[in-house]
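Notes to accompany the following structure.
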Amino acid sequence: MGKIIAVANQKGGVGKTTTSVNLAASLSAMKRKILIIDMDPQGNATTGMGIDKNTQESSLSEVLLGQTGIEQIIQHIPDTRIDMLPGGPEMTVAEISLMDMDDREYRLRYALQGIKDNYDYIIIDCPPSLNMLTVNALVAADGVMIPMQCEYYALEGLSALMNSIETIRENSNPDLKITGLLRTMYDPRNNLARDVSSQLTEYFGDKLYNTSIPRNIRLAEAPSHGLPVLSYDKHSRGALAYLAMAAEMIRKDTSRVAELT
């Protein structure tokens, strides 16, 4: 059964899309079957996987509104084990329309039920706000991965996100868990970054991934080529960091399964 991970943070610019795209590519390189879902109206994950969001005849918006089946819009990324549900500007229309629909927060969850077992991981790139699209992602997810920068304002945003997750858990998805926190754009030479990292370790313990993602020019360049960094420059620090992140994620999931058996 596939594990559904929502990559979420209510603060923008923390590396959600970068993490979604590059984690998907790294897990694919480790022979896992992946579905990446672009829930953000900006459509950056779609573009980052080499799909032109402006020429799509259909998108996830139509699935959420019940206008088409999910299998009809899944696209395969060539030379990978990755499928994609593309997003784009029309997701804003979906967000508004969902407000008047029955079971509006469950639409993505219902849509994924028939295909979840086709994948090892389903990764959802969430918008940078707690809107109805993000709520759909959190209600559908088994776990939340939280990318964050080690800076003061990021801690404030984290507090708001934790409250939102707890609200979703109480009202719609009691099985929702925090998969882990990922430090992005991390520079261990920075005193503030080290201080915030220490606070995260103290508060979250083993929920904080050992792997951190460094600032890396190749990570920043790759999206303009419509490629994950692993395809753009597999020897870069960014590519190696996300491979390490994927390996740590698989290792933790394997150990959790072993504990339950």
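Out of Ala154, Ala141, Ala193, which single residue is among the small types (Gly, Ala, Ser) and modelled with pLDDT of 95 or more?
Only one candidate passes the filter, namely Ala141.
Suppose the filter is surrounded by fewer than 20 Cβ atoms within 10 Å (Cβ to Cβ), under 17 Å from the mean Cα position of the chain (by Cα), not in a strand (DSSP E or B) and not acidic (Asp, Glu); does Ser164 pass it? Yes; evaluated as a whole, the condition is true for this residue. In the range 167-190, the qualifying residues are those that are of a type in the set (D, E, K, R) and under 19 Å from Asn216 (Cβ atoms), and the one that is surrounded by the fewest Cβ atoms within 10 Å (Cβ to Cβ) is Arg189.
Among the residues of the range 202-233, just one is surrounded by 15 or more Cβ atoms within 10 Å (Cβ to Cβ) and more than 21 Å from the chain's Cα centre (by Cα), namely Asp233. Checking each residue in the range 84-129 for being of a type in the set (Gly, Ala, Ser) and more than 20 Å from Asn9 (Cα to Cα) picks out Ala94, Ser97, Ala111, Gly114.
Determine whether Ala244 is touching a strand residue (DSSP E or B) at 6+ places or on another chain (Cβ under 8 Å), modelled with pLDDT under 90 and small (Gly, Ala, Ser).
Numbers: touching a strand residue (DSSP E or B) at 6+ places or on another chain (Cβ under 8 Å): yes; modelled with pLDDT under 90: no; small (Gly, Ala, Ser): yes.
So Ala244 fails the test.
Can you pull out the residues in the range 226-248 that are touching a residue at least 12 places away in the same chain (Cβ under 8 Å) and over 13 Å from Asn22 (Cα atoms)?
Within the range 226-248, Glu248 is the sole residue that qualifies.
Within the range 9-45, the set of residues being among the small types (Gly, Ala, Ser) and farther than 15 Å from Gly87 by Cα comprises Gly12, Gly13, Gly15, Ala24, Ala25, Ser26, Ser28, Ala29. For the range 113-155, a residue qualifies if it is of a type outside the set (Gly, Ala, Ser), without any contact (Cβ under 8 Å) to a residue 60 or more places away in the chain and either farther than 24 Å from Tyr209 by Cβ or not in a loop (DSSP other than H, G, I, E, B) (or both), and the qualifying residues are Gln113, Asn131, Met132, Val135, Val139, Tyr152, Leu155. Does Gly43 fit the bill of being of a type outside the set (Phe, Trp, Tyr) and at positive phi? Taking the combined requirement at face value, the residue satisfies it. Annotation note: Cβ proximity below 8 Å between a residue of the range 180-203 that is in contact (Cβ under 8 Å) with a residue 24 or more places away in the chain and part of a helix (DSSP H, G or I) and a residue that is surrounded by 12 or more Cβ atoms within 10 Å (Cβ to Cβ) and aromatic (Phe, Trp, Tyr) (sequence gap 6+ or interchain) occurs for Ala193/Tyr186; Ser197/Tyr186.
The values are calculated or read from the model by the stated rules, or taken from the named source; none is laboratory data. Not measured: the values here are computed from a predicted model. Quick reminder, even Gly has a Cβ in these numbers, built from the backbone with ideal geometry, and neighbours come from all protein chains shown.
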